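The values are calculated or read from the model by the stated rules, or taken from the named source; none is laboratory data. Predicted, not measured: the structure shown is a model, and the values here were computed from it. Here Cβ is always computed from backbone atoms with ideal geometry, including for glycine, and neighbour counts include all displayed protein chains. What goes into the accessible areas is simple: the full protein's heavy atoms, side chains included, and nothing from ligands, DNA or RNA. Shrake-Rupley method; radii C 1.70, N 1.55, O 1.52, S 1.80 Å.
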Amino acid sequence: MDPTVRKLLVRILRKIPTGKLEETLKKWTHLSRNQQQSLDYSQPKWSLHENIVSLCQENGLTMRHVSELEMIYCMETPKLTTWRACHLTGAEDDASSVELICFKEQFKAHLSELIRNVSIKIKKHDDESVWMRIAWGDTFSKPNHLKPTYVVHYLQTPYVFICNLSSKNKPLLFQALVFATRHAAIKDANLSGRSFHAIRDLLMGHYNKTFPTNHSRPLKERNHLPTHPNIVKEHMEQAEKRHQVACETFGEGDVPKLETATYMLETRFRGGGGCAEDRQLKTVVTFESKSLLESLRYSATSGMADSTISPLLSSITQKGRNHFVITDKRDKGPDKAAQSLMS
Amino acid sequence: MDARRSDADSAVTPTRHRLSRRSSCRTFNTTKRPFLTSGVLTAPRISTVRRRPNVQQIGNDIDPDQLSLLVKDKWDLSHVTPLYNFRYTELKAYAKSLSAFLLEEKQQGADLIPGGDKVFAVTFSAVPGVAKTKDDAETVFIQVNSKAMFAAPGDAPKVMWRGWLTSVCADPQYLQSLPPEFVCLPVLCSSGSESLTFLVKCWFERTFDCGFGALSLGPTDLQWLAALWTSCHADGRKIKSLKLKWTLPCQPPLDVSMALDGEDTWWLWDRTRRQQHSQDASYVYVEDVKDFMASIETHFYKHFKMHLSAGRLMSVATEVASAHIDGKVKICPEYLPSTMELLTECAMHRMPI
């Protein structure tokens with residue numbers, strides 16, 4: 001077996017937790033039933049891996065098969081490095097009718113034209129998304145399978161999610177994507193995170209949204225512990241209202257597990273103590289949490305944040321981004337300053 | 001009780017008088033909480049004014065090699081009760097004793113350094129120039145190296161642990177109330193593995209009958225440090241950015257970090273200071289510190305409508321210095337005296353006696 005193939009195989013096997021190994025190998029289908037049954041999963045990990053490697057060697061598997069194994073595992077648990085979201089713009093007339101086979105052919109053809117020595121693998125996931133694994137090489141070297149780029153695209157939507165892309169290969173990939181999806185351009189959506197599912201759900205709105213309603217909900221609809229009839233919560237109404245606004249802004253129940261939000265501010269100083277000088281302060285504010293939207297929702301319901309939620313925070317869910325650059329427009333008159341959100 | 005109260009009261013009047021004349025570098029706000037030290041009652045003092053760090057002066061007092069050792073690492077802080085019978089003439093003997101103690105512990109099975117044939121080489125050295133007043137004890141720097149038992153002369157020893165005991169501008173009333181056999185070095189800065197730190201502390205406890213405790217910094221102390229570090233910006237020690245980090249008690253906890261540009265931070269500090277104490281550039285007042293932090297929090301509030309006061313200030317950092325609420329600091333040479341003065345005061349407050 002080629003040493004690079006072996007190296008990649010060993011690395012992938014180390015990444016996959018033993019619990020998932022059996023079903024991943026089953027999905028892979030490149031080891032026969034007998035071979036799979038001959039593996040003993042209670043062995044220490046290193047000897048189990050040795051057995052698998054030797055079985056693969058027996059079957060004469062190549063880089064193509066091994067990269068397929070990596071892809072299968074990645075599609076199940078996409079917890080690699082940081083994922084970035086991108087937005088396709090300027091859809092042409094037939095953009096909404098691009099279907100899988102056409103997209104595959106176009107993408108592969110175009111990218112291979114742009115760069116020689118690139119290895120592309122495309123698979124369709126159960127949830128109608130297209131996963132692409134790209135190993136980059138250049139004119140003189142073979143594709144490097146140890147550092148592949150993963151791209152996920154939902155057909156007929158303008159969303160693309162990318163991870164592990166170097167700046168050298170970025171323009172090539174973008175050009176191929178734009179061509180294959182029949183759009184005019186692609187731009188960064190200012191949304192990134194470690195959890196693929198989180199940024200996908202946020203951008204595509206796949207979470208429980210509460211819509212504003214004029215009808216106040218009767219208290220009985222919330223799961224409410226029965227309390228003594230003589231006890232009345234004074235601020236029940238305000239708490240309800242705060243909860244409603246928080247859920248409208250940040251979602252209800254399980255929300256996408258975003259980790260960070262960054263704001264690069266260059267705004268007029270608003271710290272009070274009125275003075276004539278008007279200075280633009282440069283600040284970078286970062287919010288971090290295990291699940292950012294849940295924390296923000298909690299802060300709104302508990303009163304740490306005001307009940308009228310700041311537009312800077314609500315933009316996270318409304319615009320589906322977590323990186324913002326905000327500047328104050330220069331004052332035209334002495335007492336007018338408009339704040340604008342710029343991408 | 002009455003006699004003592006009048007004593008405390010009479011101590012207040014001269015300090016207030018000193019404040020208006022500004023003839024000394026410290027002003028005290030005595031609290032009514034006296035505690036006992038060897039029969040003489042003293043009250044802990046909380047500073048409301050501190051001298052601004054003098055950036056130019058620092059290089060002259062301390063030997064540069066020793067200074068570089070003090071500012072190299074990130075230190076974990078502990079407070080130390082006064083040491084009994086600690087003599088500066090016996091530093092070599094202490095070094096031998098500590099290395100023998102560590103070797104004994106290693107032979108008894110403590111997992112200190114990998115490799116069977118390594119021994120400990122300990123050095124104790126005095127660092128003159130850190131202490132500021134005549135009552136302060138000299139700083140002691142301790143380094144624990146490991147070297148192979150049969151090392152070739154060219155082999156460089158590996159540094160396992162570093163620490164220094166120091167006292168900068170400690171409360172003179174407290175120092176004078178101590179019996180003469182005691183040496184007060186209330187702050188221990190240590191850097192190295194936890195097990196070694198624990199053993200070094202054990203040895204100190206055994207040899208000098210002292211006690212150690214973790215020195216955690218309060219939010220006010222962090223605010224003081226932020227203001228002191230910012231105030232040097234104009235005269236030599238520019239800061240590129242001031243990073244403040246809060247933790248809000250949401251579920252799950254939310255960390256908010258704010259990085260302000262250096263020039264903007266200086267502008268804000270200067271403006272805050274001028275509002276109340278425009279003529280007095282060499283002192284830093286607690287009201288200015290509070291106003292400075294309040295204006296930063298208000299600026300944040302106006303953008304995000306979130307009250308940072310609901311959370312705790314966890315750490316303060318510039319690109320060369322940082323302080324964390326758990327008692328971890330990294331200092332740069334220019335900030336050394338003022339930072340250590342603040343830490344000494346914190347340690348004195350938290351000491352049990």
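Considering every residue within region B:203-218, establish whether at least one is within 14 Å of chain A (Cβ to nearest Cβ) and over 21 Å from B:ASP76 (Cα atoms). Scanning region B:203-218 turns up no residue that is within 14 Å of chain A (Cβ to nearest Cβ) and over 21 Å from B:ASP76 (Cα atoms).
Among residues of region A:232-243 that are open to solvent by less than 100 Å² (accessible area, probe 1.4 Å), those with a beta-carbon under 9 Å from a residue that is hydroxyl-bearing (Ser, Thr, Tyr) and part of a helix (DSSP H, G or I) at least six positions away or on a different chain give the pairs A:ALA239/A:THR301; A:ARG242/A:THR301; A:ARG242/A:SER302; A:HIS243/A:THR301. Of all residues in region B:175-202, those that are open to solvent by 10 Å² or more (accessible area, probe 1.4 Å) and either assigned to a helix (DSSP H, G or I) or of a type in the set (Asp, Glu) (or both) total 11. Might you let me know whether region A:108-130 holds any residue that is open to solvent by less than 20 Å² (accessible area, probe 1.4 Å) and out of contact with any Leu (no Cβ under 9 Å at 6 or more places or on another chain)? No; the residues of region A:108-130 include none that is open to solvent by less than 20 Å² (accessible area, probe 1.4 Å) and out of contact with any Leu (no Cβ under 9 Å at 6 or more places or on another chain). Scanning region B:325-353 for residues that are closer than 29 Å to B:SER68 by Cβ and part of a loop (DSSP other than H, G, I, E, B), we see that the one that is most open to solvent (accessible area, probe 1.4 Å) is B:ASP326.
In summary, B:SER322 fulfils each of the numbered conditions (1) open to solvent by 40 Å² or more (accessible area, probe 1.4 Å); (2) away from every other protein chain (no Cβ under 14 Å) with the single exception of condition (1).
Strands (runs of 3 or more DSSP E) fully within region B:234-315 that include at least 1 residues being within 8 Å of chain A (Cβ to nearest Cβ) and surrounded by fewer than 19 Cβ atoms within 10 Å (Cβ to Cβ): B:254-261.
Within region A:118-131, track down each residue that is over 16 Å from A:LEU177 (Cβ atoms) and in contact with a strand residue (DSSP E or B) (Cβ under 8 Å, 6 or more places away or on another chain).
Hits for region A:118-131 are A:SER119, A:LYS123, A:LYS124, A:HIS125, A:GLU128.
I'd like to verify a number: residues in region A:143-187 that are charged (D, E, K, R), over 21 Å from the mean Cα position of the chain (by Cα) and surrounded by fewer than 14 Cβ atoms within 10 Å (Cβ to Cβ), how many? Result for region A:143-187: 1.
Are any residues in region A:290-309 more than 20 Å from the chain's Cα centre (by Cα) and surrounded by fewer than 18 Cβ atoms within 10 Å (Cβ to Cβ), and if so, which ones? Reasoning before the result, please.
Restricting attention to region A:290-309, the residues satisfying the condition of being more than 20 Å from the chain's Cα centre (by Cα) are A:297-309.
Matches in region A:290-309: A:SER302, A:GLY303, A:ASP306, A:SER307, A:THR308.
Residues checked against (1) more than 20 Å from the chain's Cα centre (by Cα); (2) closer than 30 Å to A:ALA261 by Cβ; (3) of a type in the set (S, T, N, Q):
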position: B:LEU242; (1), (2), (3): no, yes, no
position: B:LEU248; (1), (2), (3): yes, yes, no
position: B:LEU254; (1), (2), (3): yes, yes, no
position: B:ASP261; (1), (2), (3): yes, yes, no
position: B:TRP267; (1), (2), (3): yes, yes, no
position: B:HIS277; (1), (2), (3): yes, no, no
position: B:TYR285; (1), (2), (3): no, no, no
position: B:PHE300; (1), (2), (3): yes, yes, no
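Taking region A:1-86 as the region of interest, the helices (runs of 4 or more DSSP H) fully inside it that hold 3 or more residues being open to solvent by 20 Å² or more (accessible area, probe 1.4 Å) and free of Cβ contacts under 8 Å to residues at least 12 places away in the same chain are A:18-28, A:33-38, A:45-59.
B:SER231 falls short of the stated requirement of being surrounded by fewer than 21 Cβ atoms within 10 Å (Cβ to Cβ), touching a residue at least 12 places away in the same chain (Cβ under 8 Å) and hydroxyl-bearing (Ser, Thr, Tyr).
Given region B:9-119, what helices (runs of 4 or more DSSP H) lie entirely inside it while holding 1 or more residues that are farther than 30 Å from B:HIS277 by Cβ and at pLDDT 75 or above? Quick ask: steps written out before the conclusion?
On the way: elements: B:58-61, B:64-72, B:91-107.
Counting at least 1 such residues, we get B:64-72, B:91-107.
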